[in-house]
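First comes the structure, then the notes that go with it.
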Amino acid sequence: MSLPASDLSKKADNRTTMELGSVLPETAEVRDGHLWIGGVDMVELARQEGTALYVFDEQDMRHRMEEFMRAFRSRYENSDVLFASKAFMNKAVVRIVQEEGLCLDVSGGGELACALAADFPAERVFVHGNNKTPQELEEAISAGVGRIIVDSRIELARVSEIAGRLGKVQDIYMRITPGVEADTHEYIRTGCEDSKFGFTMLEDFAYTCVGTALETPNVRLAGLHCHIGSQIFALHSFGEAAAVMVEFMARIRDGYGYTIEELDLGGGLGIAYTAEDAPSTIDAFAEVTCASVRELCEQHDLPLPRLLVEPGRSLVANAGVTLYTVGILKTLPGIRKYVAVDGGMSDNIRTALYHADYEPTIANKADEPRSEIVTLCGKHCESGDAVVVDMPLQRADIGDIVCVFGTGAYCSTMASNYNGQVRPAVVFVRDGNARVTTRRETYQDLLARDV
Ligand code: LLP
């Protein structure tokens, strides 16, 4: 794997940090040339805690959670917002999710364990996954989780068997593949027909399986679920998915005489990774989903279901940044300029995996214009190891602290120990205070599992 050839005609934008618009966390500011977030000097924080370092603006996260809750509850009383913890998870964020009144979407035993360790109420936990192991299902059912999102007919039988053995009746949703092609990277598109997720609607399979679910002991079919993909800008895709789902609910009522009480439309709202990106707002997303469900239910004469959404990225991505220290500079004439940082694909695999774009700045030169085009490469033994490819940056010197914006989602949760790299600490900043919420890994941690 190597990097795409550099576009040598690309010009630096000469923007200073505060001109980067919606990629910035809410409390970002520049004081005496330094980038501050949450009232904390990022240069000072990097010195204290070391780099690479994940930093989250707590106020930003909380405000987005509040905004999501308000956007939905003000339009649709019987609604809930679930935080998709695969985007970012540690015990501290779980506590914030609880304080802000959201529910939690977990996608496996590990995420469930973290939720329970942070005392998150099990009945507000929703369990996802296309291949939950029998052990994970047993852990979830015995913990008393609110809903299990059943992904296949085989899993339906498994949930029934385990719940029966534990003497419980488990509330379930069935995940349906609505056949909607969302406008996003193909690797994170999940609603189209060729998907490993959910019950396909082809050849009436999903419909038949609803019948099976209704006759299956020890489970109660509480609702339906769909998730069409991630980092979606075009809101009409959500309206289309809602239409397919509500029509399906009507068909279930007509065919089986059964009313589906809850409808979970998944996550997927896109965010700004570059200053040019213009994602939809939380309000516009809420408007499309709430209005579509309401209208379609009226059309089909269905009672309004409880409506749920599961945002991950749009709650945390722009609240998070990653700090690195510049270690090596290399200029390859006529090719590109490399600025090597003390992290890389181990703390952010998204660039290598999806050719993701990010906006960087130098935290100790935050008021200087970004006058060069550089590639921020990592320290790993792989040519494609880069965090930022061909983006503007201030003139870098060794020892500078680079801040990469928009890394709050799917970076720490997808981190690895490649090349024996210890995973970064996670620090939350707020009102001038910095608190470590996940400590940096140590070499002892790396060795702890070897026998
Ligand atoms: N619900 C379900 C069932 C999901 O599978 C996902 C994400 C979400 C909710 C949250 O979606 P969001 O609001 O964050 O878009 N690693 C990729 C993203 C994979 C998304 C997986 N599912 C990335 O780094 O872009």
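What follows is calculated from the coordinates using simple rules that are stated; it is not laboratory data. Note that the structure is a prediction, hence the values are computed from the model and not measured. Here the Cβ is made from the backbone with ideal geometry for all residues, glycine too, and neighbour counts use every protein chain on show.
Dipole size of the range 58-191 about its Cα centre, with +1 on Lys/Arg Cβ and -1 on Asp/Glu Cβ: approximately 220 debye, rounded to the nearest 20.
Cβ-to-Cβ counts within 10 Å put VAL451, VAL106 in ascending order as VAL451, VAL106, the fewest first.
As a calculated quantity, the FRET efficiency between THR208 and CYS381 at R0 = 41 Å, using C-beta atoms, amounts to about 0.20.
As a rough guide to protection, the peptides 333-345, 217-229 ranked by mean Cβ packing within 10 Å, highest first, stand as 217-229, 333-345.
Under the 0.36 nm per residue contour assumption, what length would be gained going from the current alpha-carbon distance of ASN14 and GLU181 to full extension?
Going from the current span to full extension adds 56.4 nm.
Taking R0 as 56 Å, what FRET efficiency do you get between ASP32 and GLU193 from their Cβ-Cβ distance, rounded to the nearest 0.05? Don't skip to the answer; put the middle values down first.
Values: r = 56 Å, r/R0 = 0.99.
E between ASP32 and GLU193, to the nearest 0.05, is 0.50.
Dipole check for the range 126-273: with +1 at the C-beta of Lys and Arg, -1 at the C-beta of Asp and Glu, and the Cα centre as origin, the magnitude is about 420 Debye. Packing, as the average of other Cβ atoms within 10 Å across residues, places the peptides 50-56, 296-302 in the order 50-56, 296-302, highest first. Note on the range 253-350: dipole from Cβ charges, positive end direction compared against ALA340, VAL316, ALA291; the farthest Cα belongs to ALA340. Summarised in one figure, the compactness ratio Rg/Rh of the chain, Cα atoms and Kirkwood Rh, is 1.00.
The simple spin-label model puts a point 7 Å past each Cα toward its Cβ; for LEU329 and GLU77 those points are separated by 6.3 nm.
With contributions of -39500 (n - 2.57) from each DSSP H run of at least four residues, the per-residue ellipticity at 222 nm computed over the chain stands at -8500 deg cm²/dmol.
Screening the chain for whole DSSP H helices of 20 Å or more along their axis (Cα) with average Kyte-Doolittle hydropathy at least -1.0 returns 236-256, 282-299. Put simply, when 255-266, 403-414 are sorted by average Cβ atoms within 10 angstrom per residue, most first, you get 403-414, 255-266. Think of the chain as having a plus end and a minus end, set by charges on the Cβ of Lys, Arg, Asp and Glu; of THR437, VAL81, GLN170, THR437 sits farthest toward the positive end of this dipole. Under a model in which nothing but the beta-carbon of Lys, Arg (+1) and Asp, Glu (-1) is charged, the chain shows a dipole of about 880 debye around its Cα centre.
Sorting THR17, THR200 by the number of Cβ atoms found within 10 Å of their own Cβ, with the fewest placed first, yields THR200, THR17.
Going from the fewest other Cβ atoms within 10 Å to the most, the residues VAL30, VAL127, VAL427 appear in the order VAL30, VAL427, VAL127. All C-alpha pair distances within the range 192-280, sorted into 10 Å bins from zero, spread as 14, 42, 27, 12, 5, 0 percent across the bins.
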